[in-house]
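Here is the structure we will look at, set down as structure tokens.
The values are calculated or read from the model by the stated rules, or taken from the named source; none is laboratory data. The shown structure was predicted, so the numbers you read here are calculated from the model rather than taken from an experiment. So basically every Cβ, Gly included, is an ideal-geometry build from the backbone, and we count neighbours across all protein chains shown. Each accessible area value is taken on the protein alone, full model and side chains, heavy atoms only, with ligands, DNA and RNA left out. Shrake-Rupley method; radii C 1.70, N 1.55, O 1.52, S 1.80 Å.
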Amino acid sequence: MAQSNPDIEGSVQPFRIVAAKKESFLKYFIKNKWLYIFLIPGVLYFLIFKYAPMFGIVIAFKQLSLAKGIWGSDWIGFANFETLFSSAHFIRVLRNSILLSVYQIVFGFPAPIILALMLNEVRQMAFKRISQTILYLPHFISWVVLAGIVINFLSPTDGVANQIVTAFGHDPIKFLQEPQYFRTIIVSAEIWKGIGWGTIIYLAAMTGIDPTLYESAKIDGASRMQRILYITIPGIATTVVIMLLLSLGNILDNGFEQVFLLYNPVTYETGDIFETYTYRIGLQDGRLSYATAVGLFKSVVGFILIISANYAARKISGKSIW
């Protein structure tokens, strides 16, 4: 009677496991082929517009010449970064970018959460739907139109804000020409534009909370505020942490349109950010290599921040993106 060789059986076992995994994945892929087909547009988008352009990072380390092309341009190493860090505008731009993002996180990030909690407590469905529709509308207004609304609203001659100021006996204020008001104007406009749209994610997260928890708490005598504090907020905590981490990762991304349409040389001191600074030196001055270095610096800082914030969130609350 033939005896089996345990050494041969042990060496063949890993191949059987790999073959079984390949077969199971193939069956899963065939079963869900339409899901993978629907993924193709999204994957192509990221490959074409996110990953392929990353080859252009090399421009930051060259003195780009349009005549020579990217690969034929002279290699200058970290000269562009040395110029950036020694520039008189660097500290101002960095400070403005960080402060605008911090203000947006401190005042803008909690706004849709609070609004979502309020909408979730509305029991009159008709009123709730009408309110949501009205709150969503500003999201669909372009920044060009919104900037025009802000400019007219703050006009020193016939703006509503200055009409209120003059009604109290004060002189009109040129809000858009006063650096100390610029950050408040930008953050307020961004909150008004995005607060309604931002509630969608949190309202969707609230639908995943077990309704029996509210019923049990109500039977036990918990007030509405207690149900919000001890059921609703913990139920959306994971979503809040993820959105906060994404916000921290984009702390140097303040948006170009809103600032560009409302700022002017008078408000550069508080309004000039990396996006507008890159536009001026890259497109207006034609210093493409230097502008690429600025963009790469922003990306590296954002990457470090999101990794650090994710690590801190996992240590503190046990919730993170990965």
message: Looking at (1) at pLDDT below 90; (2) more than 25 Å from R95 (Cα to Cα), which one does T232 not meet, given that it meets all the others?
response: (1)
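Let's see how each residue does on (1) touching a Phe, Trp or Tyr at 6+ places or on another chain (Cβ under 7 Å); (2) part of a helix (DSSP H, G or I); (3) surrounded by 17 or more Cβ atoms within 10 Å (Cβ to Cβ):
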position	(1), (2), (3)
T184	no, yes, no
S188	no, yes, no
I195	no, yes, yes
I200	no, yes, no
A205	no, yes, yes
I209	no, no, no
Y230	no, yes, no
L248	no, yes, yes
query: Do we have any residue at all in the stretch 259-271 that's among the β-branched types (V, I, T) and over 21 Å from L99 (Cα atoms)?
result: no
message: When you check M225 against the structure, is it assigned to a helix (DSSP H, G or I), under 22 Å from the mean Cα position of the chain (by Cα) and of a type outside the set (S, T, Y), yes or no?
response: no
Output for the stretch 68-77, where each listed residue is open to solvent by 90 Å² or more (accessible area, probe 1.4 Å) and either modelled with pLDDT of 90 or more or more than 23 Å from V294 (Cβ to Cβ) (or both): W75
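Residue-by-condition table, conditions (1) more than 21 Å from the chain's Cα centre (by Cα); (2) modelled with pLDDT under 85; (3) surrounded by fewer than 16 Cβ atoms within 10 Å (Cβ to Cβ); (4) closer than 25 Å to I186 by Cβ:
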{"position": "L252", "(1), (2), (3), (4)": "no, yes, no, yes"}
{"position": "V259", "(1), (2), (3), (4)": "no, no, no, yes"}
{"position": "I273", "(1), (2), (3), (4)": "no, no, no, yes"}
{"position": "L283", "(1), (2), (3), (4)": "yes, yes, yes, yes"}
{"position": "L288", "(1), (2), (3), (4)": "yes, no, no, no"}
{"position": "G302", "(1), (2), (3), (4)": "no, yes, no, yes"}
{"position": "S308", "(1), (2), (3), (4)": "no, yes, yes, no"}
task: Kindly indicate the residue of the stretch 137-158 that is assigned to a loop (DSSP other than H, G, I, E, B) and not polar (S, T, N, Q) and also modelled with the lowest pLDDT among those meeting that condition.
output: D158
message: Scan the stretch 145-163 and tell me whether some residue there is farther than 30 Å from T276 by Cα and surrounded by fewer than 16 Cβ atoms within 10 Å (Cβ to Cβ).
response: yes
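Yes/no matrix, rows are residues, columns are (1) at pLDDT below 90; (2) open to solvent by less than 30 Å² (accessible area, probe 1.4 Å); (3) in a helix (DSSP H, G or I):
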{"residue": "Y36", "(1), (2), (3)": "yes, no, yes"}
{"residue": "P41", "(1), (2), (3)": "no, no, yes"}
{"residue": "G56", "(1), (2), (3)": "yes, yes, yes"}
{"residue": "L100", "(1), (2), (3)": "no, yes, yes"}
{"residue": "V106", "(1), (2), (3)": "no, no, yes"}
{"residue": "A111", "(1), (2), (3)": "no, yes, yes"}
message: If I go through the stretch 159-182 residue by residue, how many of them are of a type in the set (V, I, T) and not in a helix (DSSP H, G or I)?
response: 1
